[in-house]
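The values are calculated or read from the model by the stated rules, or taken from the named source; none is laboratory data. Here the structure is a predicted model, which means the values were calculated and not measured. A quick note on method: Cβ atoms are made from the backbone with ideal geometry, for glycine too, and the neighbour counts reach across all protein chains shown. These accessible areas exclude ligands, DNA and RNA; they are computed on the full protein's heavy atoms, side chains included. Shrake-Rupley method; radii C 1.70, N 1.55, O 1.52, S 1.80 Å.
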Amino acid sequence: MRNTKPMTMPTLQRSTPRLAMRSLPLLFAMLVAMPWCTAAAQQSALSVQQIMQAPEDWIGSWPGRLSWSETGETLYFWWNPDGRFESDSLFAVPRRGGTARQVSPSERRAPRTTFDGWRQDDRVYSRDFRRKLFTSGSDIYIMNRQTGDLQRLFKTNESESNPQFTSGDAAITFQRGGNVYRMDLESGFTEQLTDLRSGSEPREKKLDPQDEFLRDQQLRLFDYVREGEEADSLRAASRDRDAAAEDAPTVFRYGNKQLRSIEIDASGRFVSFILWERGDQSKNTMSVRLVTESGYPEEETWRSKVGTESESPELWIQDLERDTTYRVDLTDLPGIYDVPAYRAEQGVEVDSSKARILETPRVVWSPDGPFAVVNVTARDNKDRWIAKLDPAAGTVEVLDRQHDDAWIGGPGMFDLGWIPGTRTVYFQSEATGYSHLYTVDTASGRVSQLTDGAFEVFGPRLSRDNKSWTFTSSEGSPFERHFYQMPVNGGKRTRLTSLTGNNAVELNPDEKTMAMVYSVTNRPPEVYLENERVTHSPKDEWLSYDWRTPDIVHFRASDGVDVPAQLFVPDNPNGAAVIFVHGAGYLQNVHRWWSSYFREYMFNNMLTDLGYYVINVDYRASAGYGRDWRTAIYRHMGGRDLQDQVDASRYLNREFGIDPERIAMYGGSYGGFITLMALFTESEHFGAGAALRSVTDWAHYNHGYTSNILNTPALDSLAYRRSSPINFADGLEDPLLMPHGMLDNNVHFQDIIRLTQKLIELGKEDWELAVYPVERHGFTEPSSWTDEYRRILELIEETVGKAP
C-alpha cells in the first residue's frame, strides 16, 4: 500500500482519467495514456523495440511439427529460417542424417501421408500393416507401404473422410455427406449404408372442415381431378416398391438437432452417432472491428458466457443388420443423479427424476469386431465414466468411474484406446493424484495401474507388436520431459533420452530411430536426429547476448507448501523486483526448456540487466504438479494462487531485503487477473502492476474453463463473487496499467471496459487503459507488442524502480 501522494508525471501533470465511455470513438483517447518515463539508473544491451519485433526477424525461426514418412526413410518438419511464406516452409532430412532440404512445392502439394503411431483402433492400417488409408484434399487414397505406390479411390466434388478398413481388410468404410458408405476394394462396388437426414418426415397437410368439404366435392364432381389423384397414388406406391427392391438404407430423420461423431464398427453392423441440440445462439457475444478495409465497423460474433444452459447430447446406435435405430440409455451410470458436494452444502437434495447433464460421449470401437467403450463426462466435470457398450441392446456397463469434488482434469484424461487382439482398453486417470496409465479388461472389469509415482505421463503409444509402451514423462524432475519405454503390462521404465530440458520425441516406424524437437531455457527449439542437431535457428545478433538460465528455487508458502519458481538475479541490484505471472492458470512455466512466453523471458532478462530481481512462480493451479496443485483454486480463483504471489513477495523481502513497495507485478490473461487481484486485495505486498488482457469478472468468461473451477454463476454465486476483481476494485491504491486488444476473442473487450467504468465511478486515480484496436487475445503486430511493453517498462521504472 502506497502512502505517498498520487503519482505525477515528470513533465506533465496527469489528471484522473475520467473518460466518458459513452461512445466507441472516445475509446481511442485512451490509446494516448500518459507514460511514466525517466532515465534508467542502469543500462541494458536490449531494448523493448528490439525484443518485441517479429521473432523470425530477431531470434530466428525455430522448427516444429515433426513427422516421419510412412516408410521411415524421411523426417519432415516445418521451419522458416529465411522468412519464406509459411506454406513454403516444409523441410526434410533422411533417416540416416545429413543436411535438411526444403521440400519442393510439387512434392509438398502431392498427396502424402505421414506416420502417426501404430494405433490400430482407428483402422487406417490393414492387419498386416502393408496398406494405409488416408485423405488428401477431399478424397481418399490407399498406400502400399512397401512400394510407396498410391491409389486414388475417388475423384468427386464431394468430400470423403474417415476411411477405415473393415474386418478382413477386403473392404473399407468411409463418410460422405454425413452418411457411411462401404466400398469393396477388389470390385470397387460402393454402397450407402446409412441415410441420416435432418428435418422431419413430410406430413400431409391436415384440412380444416371447410377445405375437406371442398376437396371431396371436387373429387365427386370431376373425373379429371379424381383420375389425377388415383394416378399420383399409383406412382407413389411404385416408388416405394422400387426403393424396397433396391435395398436402399432406411431413412432416419433427426429433426433440427446437430449430427456429430459418426463411427462404424469393424464388422460393419453397428453405426454410432451423436445428436446434439444447438444452444441459444442469441446469447453469443460480439466485438466490433473499427479499423477495416471498407471504412465501416464490422461485427464479429464469439462464444456465449459461462452458465449458458444446454441439453445432454444423445448417443444413438443404428443396427444395420436389424434395420433399426435406437438411443443408448446413459441414465443408469452410477452417480448420474448425484448432487455435487457444493450443492449439497447449500442444502440441495438428490432429485431422482433429474439426471445430470452430460458432455458429448466418445465411442471407441475395437479393431477386432463389434465391441466398444464409451468415454462419458458430466457437464459439471466432476465425473468421468468409461463404460462398455452393448451395441445390440443399447446399454452400457461402467468399467471405471473417476470422481472429483473439484473437477476432472490432467494430461490424457479424455483419451483411451484398445490393445489390439485383446478385450483390454487403456486410459489415464488421476486416481492417485497424478495422471497415470491404466488398463481395464472389458470382459472381467479388472483395472490395472501400469505407472505410479509423483510424476505425470503424456502421450502413451503402443508398439507395433503390442508388447511395449513409449511415452513422455516428468519422472525424475517436474522441470524436464523425457521419453520412456515400458512393457505392455507395466514394470521397469527405461529412459531413452538424456539431454537436460524438453525432449519431444517422434519415434520412427522402425521403433528404433528417434527424432525430437529439443530445447533448453535459453535456446529456442531445434530438431535433433539421434542426438545429432539438424537445425540451427538463432540469428547471430540474438546469440551475441548472454541469455540467462534463471535459477529454479523453492520458497515456503504460508500454508507450509514449497512453491517452485524461476529467479533472475541481477549483477547490480537496484533494490527493486518484478513478479511475472504466467497465464492460462493450468500451464507450467518453471522448467528447463524454451518458454512459450519467450518475449517475457527476454523482457525479464532486460529487467535483470537494469538491476531488478525477477521471479516467475508456478503458483497453485499451474500444470505439471498433479491433481492437488491443479485444483487448489476450486471455488476461489484469487485465493491460493494469489497467496503464492504474496508469499513470493515475502520471499523477495526476506532473502534480498526488497521493500514490498518496490515490487511490481505483470502478467497477461490469467496473469492479468492475478495482477488485478493483487493490487485490489493485497496491495501492502506490491507497489505497481500491469494487467494485460485480464479477466475482470469470471461470470463473463467462457463455460468450459470457468465452470470447471467456479461451477456456474447461478448455482455458485459466492465463488464468482470472491473470485472476480471487479468486486474488489475499491481496494486499488497503487499505479495500474491495463493493456487490452479491442478484438480479443478470448477475454472480450467488454471485460476491461466494465472494470474501467467501475474505476471511474469509484474515483480511482493512477490507472491507465491502453487500447489496441487491431489485436485479439494473442497480439500479432510487433508495433502493438512494442507499445505495450514500453508502457510496462515505463510503469516499472517510474514506480518501484525509483529509490525512496
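Evaluated with a Cβ-only charge set (Lys, Arg +1; Asp, Glu -1), the range 271-338 carries a dipole of roughly 300 debye about its Cα centre, given to the nearest 20. Computed from the C-beta positions of Arg119 and Arg215 and an R0 of 60 Å, the FRET efficiency is 0.45 to the nearest 0.05.
To the nearest 10, the accessible area of Ser312 is 40 Å² with a 1.4 Å probe. Using Cβ point charges alone (K and R +1, D and E -1), the dipole size of the range 206-363 about the Cα centre works out to roughly 420 debye. What shape does the range 672-719 have by the C-alpha gyration tensor, where a ≥ b ≥ c are the square roots of the eigenvalues, rounded means a/c under 1.5, and otherwise prolate means a/b greater than b/c and oblate the rest? Prolate is the answer for the range 672-719, as a/c is 1.5 or above and a/b outweighs b/c. Approximating the spin labels as points 7 Å out from Cα along Cα→Cβ, the Arg130-to-Thr360 distance works out to 3.7 nm. Each of Thr135, Val306, Leu679 was placed along the dipole of the chain (beta-carbon charges, centred on the mean Cα), and the one lying farthest toward the positive end is Leu679. Pairs from the table (Lys305/Lys388; Lys257/Lys758; Lys283/Lys758) lying more than 31 angstrom apart at Cα are Lys305/Lys388; Lys257/Lys758.
Determine the distance separating the Cα centre of the range 210-241 from the Cα centre of the range 606-643; give it in Å without decimals. Rounded to whole Å, the Cα centres lie 77 Å apart.
Along the charge dipole of the chain, which of Thr324, Thr99, Asn702 sits closest to the positive end, that is, farthest toward it, with unit charges on the beta carbon of Lys, Arg, Asp and Glu (+1, +1, -1, -1)? Of the listed residues, the answer is Thr99. Assuming R0 = 60 Å, what is the FRET efficiency of Ala803 and Trp302, from their Cβ-Cβ distance, to the nearest 0.05? With R0 = 60 Å, the Cβ-Cβ based efficiency is 0.85. About its Cα centre, the chain has a charge dipole of approximately 1000 debye under the convention of +1 per Lys or Arg Cβ and -1 per Asp or Glu Cβ, with nothing else charged. With runs of 4+ DSSP H residues as the only contributors, calculate the mean residue ellipticity of the chain at 222 nm using -39,500 (n - 2.57) per run, divided by the residue total and rounded to the nearest 500. Helix-only estimate at 222 nm: -5500 deg cm²/dmol.
Couplings for the range 323-334, taken from phi via the Karplus curve 6.51 cos²θ - 1.76 cosθ + 1.60 with θ = phi - 60°, read 6, 9, 10, 8, 8, 7, 7, 9, 7, 9, 4, x Hz in order; Gly and Pro are left as x.
Pairwise Cα separations in the range 56-177 fall into 5 Å bins from 0 onward with the following percentages, short to long: 2, 10, 18, 20, 17, 14, 10, 6, 3, 1, 0, 0.
Measuring how big the chain is from its alpha-carbon positions, Rg and Dmax come out at 30.7, 108 Å. How high is the FRET efficiency between Thr780 and Ala236 when r is their beta carbon distance and R₀ equals 51 Å, given to the nearest 0.05? Approximately 0.30, to the nearest 0.05.
Straight-line cross-link reach from Lys492 at under 29 Å between alpha-carbon atoms covers these lysines, not counting any fewer than eight positions away in the same chain: Lys467, Lys512.
Given an 8 Å cut-off on Cα distances and at least 6 residues of separation, report the relative contact order of the chain as a percent. The normalised contact order for the chain reaches 12 percent. Per-residue 3J(HN,Hα) values for the range 431-448, derived from phi via the Karplus relation 6.51 cos²θ - 1.76 cosθ + 1.60 with θ = phi - 60°, read 4, 8, x, 10, 6, 10, 8, 10, 10, 9, 7, 5, 7, 9, x, 6, 9, 10 Hz in sequence order (x marks Gly and Pro). Summary: within the chain, the longest segment free of chymotrypsin sites (Phe, Trp or Tyr not before Pro) located in DSSP loops with at most 11 other C-beta atoms within 10 Å is 223-804. Simple rule: put +1 on each Lys or Arg Cβ and -1 on each Asp or Glu Cβ in the range 194-350, find the dipole, and look at Pro340, Leu214, Phe273; the Cα lying farthest toward the positive end is Pro340. Taking Lys and Arg as +1 and Asp and Glu as -1, the other residues whose beta-carbon sits under 12 Å from that of Ser126 total +4.
Take the alpha carbon gyration tensor of the range 207-343, find the square roots of its eigenvalues, order them as a ≥ b ≥ c, and report rounded if a/c is under 1.5; if not, report prolate when a/b exceeds b/c, else oblate. Taking the square roots of the gyration eigenvalues as a ≥ b ≥ c, the range 207-343 is oblate.
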